[in-house]
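For reference, the structure discussed in these notes is given below.
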Amino acid sequence: MSRWNRSDMHNLSGRTVVVTGASSGLGLRTATELAAAGVRVVLAVRSLAKGREAAESIAGRTDVRELDVADLNSVNRFASEWTGDIDVLVNNAGIMEVPFAVTADGYESQAATNYLGPFALTNLLLPHITDRVVFVGSQLHRMGKIHLDDLAGTARPYKKSDAYRDSKLAITLLGLELQRRLDLAHSPVRAIVAHPGIASTNLSRHAMSGKITHALRFLFNDIPTASLSLLYAATEDVPGNSYVGPRGPGGLKGHPVLGQPAAAGRDGNLAEVLWSATERLLGITFSPLPSGELA
């Protein structure tokens, strides 16, 4: 079987793709490759200065807009100011195993950045999206749990590794339930989850000591290879509810293929209950048609 590469992307001129967290790492690489294929790429970033610096390194059409997915006011502002179509939304922004912190909205920061923010952003932008939504997941979702009584992540003892894994299981279930709702609404939009394996970015380096990172470096995808899963998910004609990741052992390294999440990530009942609980927490409801803002 041939290995999919960036050279397999067809010309994508005329398309608009929003990439969150696009000022560095996988987001920047994904934005760079999409722009090279003719896409108008919107870098949705916390720091406009860093975003503009990143955009200067990209050959192609770019736009830089401020967005902090961990801040619901920022999410609401970004969505309310958007006009026109978005072909693809890539929910890339994320944090991993950081010290405990609570956002301005009162949510644990990993839950807010990796799940609650993308949930809100996706639903608010959905009336503009014409093709697909890509959620960046992780194989660590296989070790995650859903705490329906504490989606905010502030009512139980904090373990940074558990918080990350839980957020990635939640985002996997978000893709599953979003696709179910899109199908019921007869929408052509697709929801896809893509994971990069273990990527050599600051995200993984923050979670591991220097010695561990050095010892396990043979398992890591470099950034260009890790970004292929995101690019494949964003551009290939794959069905909704696809799970894309590296083809190597354990899905840790290599070129992208279609795979399958853990059984917990395929639990439709859990996905539906989680969605409803998240709607209640955030005060936002699903609608593929133009709708209001966060309550």
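The values are calculated or read from the model by the stated rules, or taken from the named source; none is laboratory data. Please read all numbers here as calculations on a predicted model, not as lab measurements. Don't worry about glycine lacking a Cβ; one is built from the backbone with ideal geometry, like all the others, and counts go over all protein chains shown.
Hey, does the stretch 6-18 have a residue that's in contact with a helix residue (DSSP H, G or I) (Cβ under 8 Å, 6 or more places away or on another chain) and buried (at least 23 other Cβ atoms within 10 Å of the Cβ)?
Yes, the stretch 6-18 has at least one match.
Check Phe119, Phe100 and return the single one that is hydrophobic (A, V, I, L, M, F, W, C) and either modelled with pLDDT under 95 or touching a Ser or Thr at 6+ places or on another chain (Cβ under 6 Å) (or both).
Unique residue meeting the criteria: Phe119.
Report, by residue number, each residue of the stretch 245-276 that is modelled with pLDDT of 95 or more, surrounded by fewer than 15 Cβ atoms within 10 Å (Cβ to Cβ) and assigned to a helix (DSSP H, G or I).
If the condition is that a residue be modelled with pLDDT of 95 or more, surrounded by fewer than 15 Cβ atoms within 10 Å (Cβ to Cβ) and assigned to a helix (DSSP H, G or I), then Ala263, Gly268, Asn269, Ser276 are the ones that fit.
Residue-wise test of (1) touching a Leu at 6+ places or on another chain (Cβ under 9 Å); (2) closer than 21 Å to Glu33 by Cα.
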{"residue": "Leu231", "(1), (2)": "yes, yes"}
{"residue": "Val244", "(1), (2)": "yes, yes"}
{"residue": "Lys253", "(1), (2)": "yes, yes"}
{"residue": "Gly259", "(1), (2)": "no, no"}
{"residue": "Ala264", "(1), (2)": "yes, no"}
{"residue": "Ala271", "(1), (2)": "yes, no"}
{"residue": "Ser276", "(1), (2)": "no, no"}
{"residue": "Glu279", "(1), (2)": "no, no"}
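Hey, Glu293 hits all of (1) surrounded by 15 or more Cβ atoms within 10 Å (Cβ to Cβ); (2) modelled with pLDDT under 95 but one; which does it fall short on?
Against the list (1) surrounded by 15 or more Cβ atoms within 10 Å (Cβ to Cβ); (2) modelled with pLDDT under 95, Glu293 comes up short only on (1).
Scan the stretch 92-121 for residues that are of a type in the set (Asp, Glu) and in a strand (DSSP E or B) and jot them down.
Selection gives Glu108 alone.
Identify, from the list Ser161, Ser167, Ser138, the residue that is surrounded by fewer than 23 Cβ atoms within 10 Å (Cβ to Cβ), farther than 18 Å from Leu289 by Cβ and among the small types (Gly, Ala, Ser).
Ser161
Of the numbered conditions (1) among the hydrophobic types (A, V, I, L, M, F, W, C); (2) buried (at least 22 other Cβ atoms within 10 Å of the Cβ); (3) without any contact (Cβ under 8 Å) to a residue 40 or more places away in the chain, Ala59 fails exactly one; give the number of that condition.
Single failed check for Ala59: (2).
Any residue in the stretch 14-28 that is more than 20 Å from Arg190 (Cβ to Cβ), among the hydroxyl-bearing types (Ser, Thr, Tyr) and under 16 Å from the mean Cα position of the chain (by Cα)?
Applying the first criterion (more than 20 Å from Arg190 (Cβ to Cβ)) to the stretch 14-28 yields 21-28.
If we keep only those that are among the hydroxyl-bearing types (Ser, Thr, Tyr) as well, we get 23-24.
Imposing the further condition that a residue be under 16 Å from the mean Cα position of the chain (by Cα) reduces the set to 23-24.
For the stretch 14-28, residues more than 20 Å from Arg190 (Cβ to Cβ), among the hydroxyl-bearing types (Ser, Thr, Tyr) and under 16 Å from the mean Cα position of the chain (by Cα): present.
Whether any residue in the stretch 45-53 is among the small types (Gly, Ala, Ser), in contact (Cβ under 8 Å) with a residue 12 or more places away in the chain and either under 30 Å from Thr285 (Cβ atoms) or in contact with a Gly (Cβ under 9 Å, 6 or more places away or on another chain) (or both) is what I want to check.
no
Being outside any loop (DSSP other than H, G, I, E, B), within 21 Å of Leu252 (Cβ to Cβ) and not polar (S, T, N, Q) is the filter here; which residues of the stretch 132-159 pass it?
Across the stretch 132-159, the qualifying residues are Val134, Phe135, Val136, Leu140, His141, Arg142, Met143.
Of all residues in the stretch 37-52, how many are surrounded by fewer than 16 Cβ atoms within 10 Å (Cβ to Cβ) and farther than 23 Å from Ser13 by Cα?
Looking only at that region, the number is 3.
From Leu89, Leu124, which residue is touching a residue at least 24 places away in the same chain (Cβ under 8 Å), of a type in the set (A, V, I, L, M, F, W, C), part of a helix (DSSP H, G or I) and surrounded by 19 or more Cβ atoms within 10 Å (Cβ to Cβ)?
Matching residue, one of Leu89, Leu124: Leu124.
If I filter the stretch 182-201 down to residues being part of a loop (DSSP other than H, G, I, E, B), surrounded by fewer than 24 Cβ atoms within 10 Å (Cβ to Cβ) and of a type outside the set (Gly, Ala, Ser), which single residue comes out as modelled with the lowest pLDDT?
Out of the qualifying residues, it is Thr201.
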